[in-house]
Amino acid sequence: MNVGSGSDTGEPEVMAEMNTTPLIDVMLVLLIMLIITIPVQLHAVKLDMPAGTPPPKTTEPIVHRVDIDFDGTVYLDGTVLADQAALEAKFQEYAAIPDQPEVHIRPNKLAAYKSVAAVMAAAQRIGVTKIGMVGNEQFM
């Protein structure tokens, strides 16, 4: 606050500062008007849920494990497969079944990406649709 220069002439000096009190008042009124006029937004997501009771699951799905060792050796349900053609033959059997079994691919942490990608590409090319990667926590 500028009270004065201390001169005894009796005349107040002209202040060159802007009075910001009315400006702050106007800004507060505008802020209140903005808050009042903004509509209340409800954060809701409309879902179309199926009606009725779900069909009961009678059996557990069939699961086949494909393990890929660090040197590229592929195991299907614990047995070593001779080559890629044997794996593809098994995948063709699985793809021919109307309710396909699940195929869980579990690569070793040290397995080459090429080996894992070859197994996944073969499954996709043949038409196996229920594929999952298992054991990803070892890569963290």
Residue match in region 66-77 (condition: part of a strand (DSSP E or B), aromatic (F, W, Y), under 24 Å from G132 (Cα atoms) and at pLDDT 90 or above): yes
Test for A121: is it outside any loop (DSSP other than H, G, I, E, B), among the small types (G, A, S) and exposed (fewer than 14 other Cβ atoms within 10 Å of the Cβ): yes
Residues of region 33-50 satisfying the condition of being exposed (fewer than 10 other Cβ atoms within 10 Å of the Cβ) and not in a loop (DSSP other than H, G, I, E, B): L34, I35, I36, T37
Failed item, numbered, when I126 is tested on (1) under 26 Å from the mean Cα position of the chain (by Cα); (2) among the hydrophobic types (A, V, I, L, M, F, W, C); (3) modelled with pLDDT of 90 or more; (4) over 14 Å from V66 (Cα atoms): (1)
In region 51-85, residue surrounded by the fewest Cβ atoms within 10 Å (Cβ to Cβ) [restricted to those that are without any contact (Cβ under 8 Å) to a residue 12 or more places away in the chain and in contact with a strand residue (DSSP E or B) (Cβ under 8 Å, 6 or more places away or on another chain)]: V80
In region 89-118, residue surrounded by the most Cβ atoms within 10 Å (Cβ to Cβ) [restricted to those that are in contact with an Asp or Glu (Cβ under 8 Å, 6 or more places away or on another chain) and in a loop (DSSP other than H, G, I, E, B)]: A111
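In region 124-140, what residues are under 20 Å from I62 (Cα atoms) and part of a helix (DSSP H, G or I)? Steps first, answer last, please.
Looking only at region 124-140, we keep the residues that are under 20 Å from I62 (Cα atoms), and these are 124, 126-135.
Once the filter is applied, which keeps residues that are under 20 Å from I62 (Cα atoms) and part of a helix (DSSP H, G or I), region 124-140 yields Q124, I126.
The values are calculated or read from the model by the stated rules, or taken from the named source; none is laboratory data. Because the structure is a prediction, the values reported are computed rather than measured. Heads up, the Cβs are rebuilt from the backbone with ideal geometry, glycines too, and the neighbour counts pull from every protein chain shown.
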